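None of the figures in this text is laboratory data; all of them are computed from the coordinates on show. What you see is a predicted model; the values in this text were computed from it and never measured. In this analysis, Cβ positions are derived from the backbone assuming ideal geometry, glycine residues included, and neighbour counts consider all displayed protein chains.
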Amino acid sequence: MTAILNPRVLSALLLGILVGTLGIGLTLGPALQAGVAASANYQRPFPMPHQYWARSDEFYVFASGGQQGGMYVYGVPSMKYLSEIPIFAEDQAWGWTTEDEHVRKMLTNPWTGEVATRGDTHHPSASKTDAKYDGRWVFVNDKQFARVARIDLDIFRTGQILWAPNTTGGGHGFNVSPDTKLAVLNLEHEQYPDENIRRHLGLALDPVKGPYAAGINGIRIADDGTMSNGWQIWGPWQFDMARIGWGKSNGWIVTTSYNTERATDAVGMFKQDHDYLFFWNIASIEKALAEKKYVTSKQAPDVPVISWKDVEVYVTPIPLNPHGLDISPTGKYVLTSGKATTLIVAVDFEKVLQGIKEQKFTGEDFGVKVLDPDFVRASTMDLGMGATHIEFDDQGYFYVGFFVDSDIKKVPLGEPYTTKHGKTPWQVTDVLPAHFSVGHLAVPGGDTAQPYGKYVISMNKLAKDSFLPHGPLVAENHELYDIQGERALLVDQMALGPETHYSQILPVSLVAPKVQRAYTQAKAEPGAKPAVEYDYAKKEVRVTMTVVRSFFTPGAITVPQGWKVKYHLISQETALDMTHGFAIDGYNVSVSMDPGEVRDVEVVADKPGVYWFYCNWFCSELHMEMRGRMIVVPESEWPPAQETRLAP
């Protein structure tokens, strides 16, 4: 077996990472600028003719926003920002706020009742059919609260948020299956779980000192995209990245752990000279469920929790502290990288299956059989410092990002691709300098059975001198490379806010034809008329309000102080992009209504006086005149005669 990392070099390695990050210079700039100048294919016309970008863009990029809590959307190759999709965090700019009861319900922990308006989006995963993008949905995880969202690509908005039980957070690696029937969310941050779970696992756990336990949350996805918690597997280790296989690896879930030491601090996580790549047999999980080899928790009595001992799982040693985990288009190769090494490993899944059949094991760890790495590996490559993610193109190459080296390296795959690219496999054929410190990278379709190729996007964590000065915290830099030639060409770069962890790049032709010009929600209420209803038992005022240029109807309502006011807002607009807003002076209320959209807003009228509500989206020439009044009367002075009456 190839030695991976001697712990004695750890301090030198960490110093190298620090120096490499801080010492990034400007010497690559002229070469990259020359590359851009040489690219006649990407010269922009100015002024840009109408619909130029609509004609020229080939792909949508859906980029996770990290602590921004949502997702960015832009076009390729234009690199033009289009929109943001608010998900796990409130976003007033896009009208995604918790005064809308639908938004509040999605952001509410179903077990504690806590409304969580912060989030950390990490790994978007698009819906697929036969392991190829189908353009229906993009799913993404929240690391902070261990929840998963579904983005509906007909409206570019969040349609559902599903919370994972039995954990306080740390849902990291996330992936959707090749048929969009299953998704897995790794519980990265170890837990001290429910007593039933602890007893079922039979592990020695300590709530203060550790070690702890962690697992995988299996999510079932219905044909209409509705998610539900299907099962959990818990065991001794935490898990980082996740992939659900196809082709040669069909029927298996692959995960990594960077803390097989089960430590609670960074130093402890470097004590071994390797970590593990895990192979979980999906059929064995279903078998354990059928045989009722599980327990449930008090929190989630309907979610089976399975012990790692009751499913078919194997491990093989891999470079220390891995992060990247990706499966080649045929499903044959599983590639992973060691952040704390210079090594990339390609595991041949056919050899994994053969090794299992022929018992090519070197021992056990917590009862899990360890596959001989020398038998299952297709290659162990020494490629550079700070390896991160890996993506594949349509020509038989893979691309690895390097945080410390600040570049992306292009490497040919082995069989069955050698006849296609004609190169010696597993050796670098091109280096793409990046500005700077590559966190993640993406190729259109690069995580599917049918990559589209053409481009690589480097999602750099540092931008340094790339853009105008804008304070100590600098925007991230997304750089676009054309990879259609023998050598990659830097095409463009763009500043983007924090903090992209991964992206999905889908063809415009797959998404754009499905995008709605207006919501169909309002059409479901064709007979809805403006109304004001007073409920003295509940102390509620329920308002049905129509919204259209440039009127709110009713334009004035009277309410008793202290009562809850529920606005049912119906946009009667049908024209594309004719969005209205609804904000109330002196109250934390601000939502938006896209054409045909219906929103439900709740507010407690706790302050007496006259409060104007108004449209806060510039919608027409009479935008300023689009307003109305909420008149709050002290309850002690309230006679029913002051109820708002609407003309029949």
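Take the range 147-188 and flag every residue that is among the aromatic types (Phe, Trp, Tyr) and assigned to a strand (DSSP E or B).
Of everything in the range 147-188, those that are among the aromatic types (Phe, Trp, Tyr) and assigned to a strand (DSSP E or B) turn out to be Trp163, Phe174.
Quick check on my filter: what residues within the range 382-433 are surrounded by fewer than 21 Cβ atoms within 10 Å (Cβ to Cβ), among the aliphatic types (A, V, I, L, M) and not in a loop (DSSP other than H, G, I, E, B)?
Scanning the range 382-433 gives a single hit, Val431.
Across the range 79-125, what is the number of residues that are of a type in the set (Lys, Arg) and in a strand (DSSP E or B)?
0
Conditions: (1) free of Cβ contacts under 8 Å to residues at least 12 places away in the same chain; (2) under 23 Å from Leu343 (Cβ atoms). Asp265 meets all but one. Number of the miss?
Result: Asp265 fails condition (2) only.
If I ask for residues that are in a strand (DSSP E or B), closer than 19 Å to Met626 by Cα and free of Cβ contacts under 8 Å to residues at least 60 places away in the same chain, which ones from the range 572-612 would you list?
His580, Phe582, Ala583, Ile584, Val610, Tyr611, Trp612
Take Glu364 and decide whether it is without any contact (Cβ under 8 Å) to a residue 12 or more places away in the chain and either in a loop (DSSP other than H, G, I, E, B) or not small (Gly, Ala, Ser) (or both). Break it down into steps so the answer makes sense when it comes.
Numbers: without any contact (Cβ under 8 Å) to a residue 12 or more places away in the chain: yes; either in a loop (DSSP other than H, G, I, E, B) or not small (Gly, Ala, Ser) (or both): yes.
Judged against the criteria, Glu364 is a match.
Does the range 258-277 hold any residues that are surrounded by fewer than 19 Cβ atoms within 10 Å (Cβ to Cβ) and either within 27 Å of the chain's Cα centre (by Cα) or in a loop (DSSP other than H, G, I, E, B) (or both), and which are they?
Correct list: Glu261, Ala263, Thr264, Asp265, Ala266, Val267, Lys271, Gln272, Asp273.
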